[in-house]
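Here the structure is laid out as structure tokens; the discussion comes afterwards.
The values are calculated or read from the model by the stated rules, or taken from the named source; none is laboratory data. Just so it is clear, the model here is predicted, and its values are computed rather than measured. Note that each Cβ is placed from the backbone with ideal geometry, even for glycine, and that neighbours are counted across all protein chains shown.
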Amino acid sequence: MAFLSAATLGGLLGIGISGDLDVQDKRDLADAAMEAGYLIIPDILPDYAYVSSDDVVTIVRACPGDSLSLSYEAAHLMLELGMAITMGNGMCEPSEIRQLSYVMERNFTFTDLDVRALTALKDFSMSYPPDISRIIFRMSRGMTLLECQGIARMMTTVAASGSIGSGKIIVMRELFAAFKLDERELYQLLMSFRPTASGIIEVKPVLALSRRDMMTRREPLVRINLEVVASKKRETETISRILSEIFSHED
């Protein structure tokens, strides 16, 4: 996996950007990447996602006919939260990733592109851990308080599945405080979980289907038509080739 700044990616795509990106800047950058056959990770399109030209991103290839599910934005946000928790101690444990994967599967149904994009986001987050305060801000604008509280409680299973160090506790305390949950409940939950024989802590879904469907992107589906891409002018073909070379190890 390779990383580059949003400004550098924009330069490769012929999009000049600097400073903080507004809504149109983000759309132009995302659309140009899609035309070249790539999806930008992390997701820059939601209105609540503040993106600077200096922010580091990566990309994942979209195959012909690929599409993102309507719940991708919510899944992306939940995965970022989980990775912020797992990276709270500065490293990610296999048991935490197994639990986080289970939590995600209990709440969402994924397309092939969802899986590749979220896998890339997981790997990206190991090098660039998500900021918990930004995630809390985004959650508070996309979900009800009860949903945020349910997710916070559910994410204690991710915290409990690995080593519980001071960094992870700090992240969890901030999460609980933001959503008006008693800190004592956090410690009670962390001590109460009992993994199954497979090592997984069982959870119930907390996002209703109706809410997941409501949390859609303005343009929820990404469809890549190779014939259309192939007909683009030579500059676009060159851009795609350059991006492929830069990210040749991301598969």
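Is it true that L146 is more than 23 Å from L4 (Cα to Cα), assigned to a loop (DSSP other than H, G, I, E, B) and either aliphatic (A, V, I, L, M) or under 14 Å from the mean Cα position of the chain (by Cα) (or both)? It is false that L146 is more than 23 Å from L4 (Cα to Cα), assigned to a loop (DSSP other than H, G, I, E, B) and either aliphatic (A, V, I, L, M) or under 14 Å from the mean Cα position of the chain (by Cα) (or both). Within the stretch 114-132, the set of residues being of a type in the set (F, W, Y) and outside any loop (DSSP other than H, G, I, E, B) comprises F124 only.
If the condition is being hydroxyl-bearing (S, T, Y) and surrounded by fewer than 19 Cβ atoms within 10 Å (Cβ to Cβ), then the stretch 54-75 contributes only S67. Contact map, the stretch 107-125: residues that are touching a residue at least 24 places away in the same chain (Cβ under 8 Å) paired with residues that are part of a helix (DSSP H, G or I) and crowded, with 17+ Cβ neighbours inside 10 Å, Cβ distance under 6 Å, separation 6+ or inter-chain. Pairs shown: F108/A75; D114/Y72; L118/L79; L121/L79; S125/M83. Give the residue that is farthest from L77 (Cα to Cα), with candidates limited to residues of the stretch 32-50 that are over 17 Å from the mean Cα position of the chain (by Cα) and not charged (D, E, K, R). Out of the qualifying residues, it is A36. Selection of the stretch 120-178 for residues being crowded, with 20+ Cβ neighbours inside 10 Å and among the aromatic types (F, W, Y) yields F124, F176. For M155, the criteria (1) in a helix (DSSP H, G or I); (2) under 13 Å from the mean Cα position of the chain (by Cα) hold in every case but one, which is (2). Scanning the stretch 176-230 for residues that are at pLDDT 50 or above and of a type in the set (V, I, T), we see that the one that is nearest to V23 (Cα to Cα) is V206. Of the candidates G88, G162, the single residue that is part of a loop (DSSP other than H, G, I, E, B) and touching a Pro at 6+ places or on another chain (Cβ under 9 Å) is G162.
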